[in-house]
Amino acid sequence: MKRDLLGIKQTSAEDLLAILSHAKEMKQIVLSQRKRIPNLSGRTVVTLFYENSTRTRLSFELASKYMGANAANITASGSSVAKGESLTDTAETIDRMGTDILIMRHSMSGAPNLIAPLVKASVVNAGDGMNEHPTQALLDAFTILEKKGKIEGLKVAIIGDIYHSRVARSNIYLLTRLGAEVSVGGPATLLPVGLEQLGVKVFKSVHEALVDADVVMCLRIQLERQKSGLFPSVREYNRFFGLDEGRLRFAKPDAIVMHPGPVNRGVEMSTAVIDGAASVIDEQVTNGVAVRMSVMDWLIGGLEK
């Protein structure tokens, strides 16, 4: 039976922990001089992205190549999608070419779930609309484990555009399941109704969410998904909700600062915080490759050998 990674919500805690544990071994490969292991030798990995991406798409491509796979990238603008081909027809065409792992990003929530039953390839959700981004949550959790040694009992503050963020949703699902206390903060217009039902504390001011936080996770303002009027201006957002050195002092002195990228400097975070000692943003990028290697090894049953 094939495996898919469609979201944190429907993946067992046992599998999630196995992926995180195996990522330690994969990171050693990423940091080594000889970045080549045979785990995916003879396999074909295709990334199918209907939205722009740098970190996620490139890290999946590099991860597959480091593991010895044949890798190919397809973008909507450079494929038959531009000629009117449907998502299902595109996915089934790719599948018929002998694809083993299909990594999808799509603006429609649930798109990977639609495709997974139609193809033989294992499907990975690399971000679907405003729903989930499971590998981002996994790399974030892996980074927290590296820096803090645990997740259970930690206070994690997620601040910014919660409403439009698939990263926030996947992190909330994963971190609460692993025992973290999660607080969210941001403009009231960017906080979904009923968020408390996911087991998080909701604040309409950033400093309240930040109090005594062990981990501070900022989110990108997703202007491309927003309708006008959710906040007065980017400048006003930064003034009242941006993370600067002053606001960071509400968190614990040894708190780490995270961001899924890309960062809008001077909007979500100040340059001093982005480049400061508390920032682990660059390490998140490295860990993204390691975690995605681990995910693909899990998909083919490599963690059970």
**OP:** Mind listing whichever residues of segment 8-25 are exposed (fewer than 14 other Cβ atoms within 10 Å of the Cβ) and of a type in the set (Gly, Ala, Ser)?
**Re:** Ser12, Ala13, Ser21
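Quick grid of which residues meet (1) more than 15 Å from the chain's Cα centre (by Cα); (2) touching a residue at least 40 places away in the same chain (Cβ under 8 Å):
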residue	(1), (2)
Val234	yes, no
Leu248	yes, no
Lys252	yes, yes
Ala255	yes, yes
Gly266	yes, no
Ala272	yes, no
Gln284	no, yes
Val291	no, yes
Original post:
Quick one: how many residues across segment 31-60 are open to solvent by 20 Å² or more (accessible area, probe 1.4 Å) and not in a strand (DSSP E or B)?
Top reply: 20
Original post:
Scanning segment 147-200 for residues that are in a helix (DSSP H, G or I) and of a type in the set (S, T, N, Q), which turns out surrounded by the fewest Cβ atoms within 10 Å (Cβ to Cβ)?
Top reply: Gln197
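Inside segment 61-82, can you point out the residues that are among the aliphatic types (A, V, I, L, M), in a helix (DSSP H, G or I) and surrounded by 13 or more Cβ atoms within 10 Å (Cβ to Cβ)?
Leu62, Ala63, Ala76, Val81
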Subject >> Leading residue by the ranking (modelled with the highest pLDDT) among those in segment 115-133 that are open to solvent by 20 Å² or more (accessible area, probe 1.4 Å) and more than 20 Å from Met296 (Cα to Cα) >> reply: Asn131
**OP:** Assess whether Leu102 counts as being surrounded by 19 or more Cβ atoms within 10 Å (Cβ to Cβ) and over 20 Å from Arg57 (Cβ atoms).
**Re:** no
Original post:
Taking segment 261-305 on its own, how many of its residues are in contact with a His (Cβ under 9 Å, 6 or more places away or on another chain), modelled with pLDDT of 95 or more and more than 20 Å from Arg55 (Cα to Cα)?
Top reply: 1
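The values are calculated or read from the model by the stated rules, or taken from the named source; none is laboratory data. Everything quoted here is computed from the prediction, not taken from an experiment. Note that each Cβ is placed from the backbone with ideal geometry, even for glycine, and that neighbours are counted across all protein chains shown. When the accessible area is computed, the model is the full protein with side chains, heavy atoms only, and any ligands, DNA or RNA have been set aside. Shrake-Rupley method; radii C 1.70, N 1.55, O 1.52, S 1.80 Å.
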